[in-house]
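Encoded as structure tokens, the structure appears first; notes follow it.
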Amino acid sequence: NTILFGLPFEKDDEILITHHEHASALSPLQVLKDRFGVVLKEVEIPVLDFENGDQVVAAFNKSITPKSKALLFSHITYKTGARLPARALCALAREKGLISIVDGAHSAGMVELDFREIGCDFYAASGHKWQCGPGATGILYLRNHGDRLPLLWAQNSCLYPYVSQPVKNDRLKIRDFSSQFGLRGQENYPAMQALLDACGLWEEIGRDRIERYVCGLSSYLKKSIKQRFGDSVPLFSPDIPELTSGLTTFNPFKDVQDQKKIDDFVDRLKKEAGYVIRSTEFHLHKEDARNTYALRISTHLFHDHAQVDGVVDAMHRLYEKMR
């Protein structure tokens, strides 16, 4: 919201998004569409045939027109757990003169992040998900002092225009975006400190070590699902190192569009076996008229292989009852 509402979009400006974005991005985007007349262009990303990041970059590149102004995508999609090629997509945005906005809700705390290496203009992440901080906390990265970027109006600030204005400073020739967001009023300092402490613990463990463990456990889960349910069961999450994450989605039932069966499965798994997973829904292809439904399992640094074996066994037993 802070970034999308702060950028000076105009009527007919195109914002490119994937067809698997979260409501936290889709909602403000829809406001921009209805209020200012911007055009939202969905780019289809591969699901069952996801083999490499070049597929995603090519799909975005094909969709860019002279009216395109920004490129927004989830670093890790919440629907399938696919990790998109953030660095390559941001490089494409720079090459084409577009603003890059990354939704990192599921990546912060799961994978090691270097915002400068990614090369994004803006990166927003949750503090309460994989970073395990308090609710209502988050992280916002802005590529500061960037002459290539347009204006950015502060949407929630107690410092504008005293410390910075969203126009180029004639003397310093810079755009100091970040200082506008330095004070927003009375903050929840205990929650902010708790998030900092959680980040400190992650640094102590090692973020690269966490990523290797989380993704390794996720790969073990995917292979276990295939072994137990059979190769014909669709895995909607890629099991390729550069594309994988700690999220795994699949559907063991023949009718992948049966929402009730998936919802009942999630409820019964918790009641009968004590395992908490969730359901997701998405279009395999952006033109699909009906949703595909799936089970989503998260594997984090506090899980182990025995727990993965346990949830796979429990899911298979329940599947045999419900098939």
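Taken together, the values in this text are just the output of simple stated rules run on the coordinates, not laboratory data. Computed from a prediction, not measured in an experiment: that's the story for all the values here. We place every Cβ from the backbone using ideal geometry, glycine too, and count neighbours over all the protein chains shown.
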For this session: Restrict the check to the range 305-320 and report whether at least one residue is small (G, A, S), within 30 Å of I205 (Cβ to Cβ) and in contact with a strand residue (DSSP E or B) (Cβ under 6 Å, 6 or more places away or on another chain).
Result: no
Problem set entry | Output for the range 1-25, where each listed residue is loosely packed, with under 14 Cβ neighbours inside 10 Å and either hydrophobic (A, V, I, L, M, F, W, C) or assigned to a helix (DSSP H, G or I) (or both) | A23
Exercise. What are the residues in the range 26-74 that are over 19 Å from R87 (Cβ atoms), outside any helix (DSSP H, G or I) and of a type in the set (G, A, S), if any?
Worked result: G37, S68
Exercise. Within the range 238-255, can one find any residue that is exposed (fewer than 14 other Cβ atoms within 10 Å of the Cβ) and over 25 Å from the mean Cα position of the chain (by Cα)?
Worked result: yes
Problem set entry | In the range 1-54, the residues that are small (G, A, S) and either closer than 15 Å to L71 by Cβ or free of Cβ contacts under 8 Å to residues at least 40 places away in the same chain (or both) | A23, A25, S27, G37, G53
For this session: Test H285 against the stated conditions and say whether it is surrounded by fewer than 17 Cβ atoms within 10 Å (Cβ to Cβ), touching a residue at least 24 places away in the same chain (Cβ under 8 Å) and closer than 30 Å to G206 by Cα.
Result: no
For this session: Take L301 and decide whether it is in contact with a Phe, Trp or Tyr (Cβ under 8 Å, 6 or more places away or on another chain) and surrounded by fewer than 20 Cβ atoms within 10 Å (Cβ to Cβ).
Result: yes
Problem set entry | Residue pairs meeting the criteria (Cβ under 6 Å; at least 6 apart or on separate chains; first in contact (Cβ under 8 Å) with a residue 40 or more places away in the chain, in the range 214-243; second of a type in the set (K, R) and not in a helix (DSSP H, G or I)) | L243/R83
Exercise. Just a yes or no: is a residue in the range 263-277 in a loop (DSSP other than H, G, I, E, B), in contact (Cβ under 8 Å) with a residue 24 or more places away in the chain and farther than 27 Å from G216 by Cα?
Worked result: no
Exercise. For the range 91-149, which fully contained strands (runs of 3 or more DSSP E) count at least 1 residues that are within 21 Å of I297 (Cα to Cα)?
Worked result: 99-103, 122-126
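Just need a number here: residues in the range 190-218 that are of a type in the set (S, T, N, Q) and crowded, with 18+ Cβ neighbours inside 10 Å. Let's see the steps before the verdict.
First, pick out the residues of the range 190-218 that are of a type in the set (S, T, N, Q): 193, 218.
Add one more test, that the residue is crowded, with 18+ Cβ neighbours inside 10 Å, and what stays is 218.
Residues meeting the conditions: 1.
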